[in-house]
1. I'm trying to understand the selection: among the residues of the stretch 117-140, which are surrounded by 18 or more Cβ atoms within 10 Å (Cβ to Cβ) and under 29 Å from PHE58 (Cα atoms)?
2. Out of the residues in the stretch 49-72 that are more than 19 Å from LYS22 (Cα to Cα) and in contact with a strand residue (DSSP E or B) (Cβ under 8 Å, 6 or more places away or on another chain), state the one that is surrounded by the most Cβ atoms within 10 Å (Cβ to Cβ).
3. Go through the stretch 52-66 and give me each residue that's out of contact with any Leu (no Cβ under 9 Å at 6 or more places or on another chain) and at pLDDT below 85.
4. Within the stretch 91-112, how many residues turn out to be surrounded by 15 or more Cβ atoms within 10 Å (Cβ to Cβ) and either part of a helix (DSSP H, G or I) or among the polar types (S, T, N, Q) (or both)?
5. On the basis of being hydrophobic (A, V, I, L, M, F, W, C), in a loop (DSSP other than H, G, I, E, B) and assigned by TED's automatic domain parsing to the domain that holds PHE58, does ALA75 make the cut?
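The values are calculated or read from the model by the stated rules, or taken from the named source; none is laboratory data. In this text the structure is predicted, and so the values were computed from the model without any measurement. Cβ sites come from the backbone with ideal geometry, for glycine too, and all protein chains shown count toward neighbours.
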Amino acid sequence: MYQLSLSTLEAGPFKRILKKWKLFRFNRMIRKNWPVYHRLGPRFEFVSEDLLKLKVRFPFNNKTKGYNGLHFGGAIYAFVDPLYVYSISENLGSEYLVLDTNAEIDFLKASNQDLIVEIEVSPEDIKSIQEECRAKRKTIRIYSIEVFDPDGQKIAIVKKTIYIRKLNPSFPITSKL
């Protein structure tokens, strides 16, 4: 008889199923805590164990369609808005405050297909943020996000300015996720 345990699932033939189940649970948790993601329907297709690399698909449907029958620009922005803040704040922990301070989006091409975004924050970047915050208590980072369609054509470029500050130990912020 085949006995199931977590180690069996992670090492045996069920590894692919377990990976899909973890991704499903992650998508469900994100939709529950971010109303915009619940309404618009983006799906995380890949999430690294350390949350430093994310791949998200944004569907083209009636909820994301604009007046001209193409993707609505505000929906595209809402789709990419929380990705870097989420990835960085989850890696830094509750003793850091991570906020968006500025964003700009350049629309390069109109699209009526699903959109795909991949972001990656390097572990070295997380370490340098921690070192800068130790020295100056705060830092500002600028990240660029490229939005593609399934054919690989670039649809938009989003530039985000992220403010990161080390909190006083007496005022930690607990994550709601």
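1. If the condition is that a residue be surrounded by 18 or more Cβ atoms within 10 Å (Cβ to Cβ) and under 29 Å from PHE58 (Cα atoms), then VAL117, ILE119, VAL121 are the ones that fit.
2. HIS71
3. ASN62, LYS65, GLY66
4. Counting residues in the stretch 91-112 that are surrounded by 15 or more Cβ atoms within 10 Å (Cβ to Cβ) and either part of a helix (DSSP H, G or I) or among the polar types (S, T, N, Q) (or both) gives 3.
5. No.
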